[in-house]
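No value in this document is a laboratory result; all are computed from the given coordinates. Computed from a predicted structure; not experimentally measured.
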Amino acid sequence: MENSIARYIAENIRQLRQSRSLTQEQLARLSGMPRTTWTNLESGAANPTVVVLTKVAAALQVPVEELISPPKAQAKLYRSDSIPRKQRGGVLIRKLLPDYLQGMELDRMELPPGSQMVGVPHRLGTREYLACESGQVELVVSGEKYQLAPGDVVVFRGDQKHSYANRGVKVAVAYSAIILGPGRIG
């Protein structure tokens, strides 16, 4: 187990450093630790203290848990049926990404002809970006209507009443990017 964790730390640090295009020397300056410490960590020869792991995690901008966990694959395929989806008001909403991104939501919305969905106001200070990919999408924000055609984008405060509709005769597809604000839910 101890050898496994040392291997995990070595591989994770090497992958993280390389993915950021940083040298050991640059990380030494960022962390305030000698370059030799970085060399030892990446070779798996080190037995770092919690303080050292905390400095390494801070320099690489990751939680300590990511350093000691089994290394992540360089790439992972997520099949469509494994991505969360839900249906609201006839509208199919599918997450664009399989991982949770703190403070952000990215969704694909498929609106069949005649469908309509009431949006849930988000917490105060939230910004929402709605981009129409295909078809026609009607967005109503605090009583004001916006007709989106392919390529159109509307940016609005997501902490107010809003709804989406497809008044057209063919399926509409839109993407919603929500940047959650710091406030409480309105």
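Considering the chain as a Gaussian network with a 10 Å cut-off on Cα pairs, which listed residue, 94, 85, 35, attains the greatest mean-square fluctuation?
Comparing 94, 85, 35 in a Gaussian network model of the chain, the most mobile one is 35.
Which value in deg cm²/dmol, rounded to the nearest 500, describes the helix-derived mean residue ellipticity at 222 nm for the chain, given -39,500 (n - 2.57) per DSSP H run of n ≥ 4 and division by the residue count?
Values: 5 runs with 51 residues, N = 186.
Using -39500 (n - 2.57) per qualifying helix, the result is -8000 deg cm²/dmol.
Enumerate the calculated ³J(HN,Hα) couplings along segment 30-46 in order (Karplus 6.51 cos²θ - 1.76 cosθ + 1.60, θ = phi - 60°), each rounded to whole Hz, writing x wherever the residue is Gly or Pro.
4, 8, x, 10, x, 4, 4, 4, 5, 4, 5, 5, 6, 7, x, 7, 7
Quick one: what are the phi-derived ³J(HN,Hα) couplings along segment 87-92, Karplus 6.51/-1.76/1.60 with θ = phi - 60°, whole Hz, x for glycine and proline?
Per residue, the Karplus-derived 3J(HN,Hα) values read 10, 9, x, x, 9, 8 Hz.
With the contact rule set at Cα under 8 Å and sequence spacing of 6 or more, what percent relative contact order holds for the chain? It would help to have the intermediate numbers written out before the result.
Values: 359 pairs, mean separation 35.8, N = 186.
Dividing the mean separation by the residue count of the chain yields 19 percent.
Enumerate the amide H contacts of residue 92 below 5 Å, restricted to partners 5 or more residues apart or on another chain; note that Pro and chain-start residues carry no placed amide H.
Under 5 Å from the amide H of residue 92: 110.
Can you list, largest first and rounded to whole Å, the semi-axes you get for segment 1-144 by taking the square root of 5 times each eigenvalue of its Cα gyration tensor?
Details: eigenvalues 403, 60, 32 Å².
Each semi-axis is √(5λ); the values are 45, 17, 13 Å.
Determine the shape class of segment 89-143: with a ≥ b ≥ c the square roots of the Cα gyration tensor eigenvalues, call it rounded for a/c under 1.5, and otherwise prolate if a/b is greater than b/c, oblate otherwise.
Oblate, because a/c is 1.5 or more while a/b does not exceed b/c.
Over the chain, with a Gaussian network built from C-alpha contacts below 10 Å, which listed residue (111, 77, 92) shows the highest mean-square fluctuation?
77
Which of 90, 103, 44 ends up with the largest GNM mean-square fluctuation for the chain, with Cα atoms connected below 10 Å?
Greatest mean-square fluctuation among the candidates belongs to 44.
May I ask you to work out the translational diffusion coefficient for segment 144-186 at 37 °C, viscosity 0.692 mPa s, via Stokes-Einstein with Rh from the Kirkwood sum over Cα pairs, reported in whole µm²/s?
Taking Rh from Cα pairs, D becomes 259 µm²/s.
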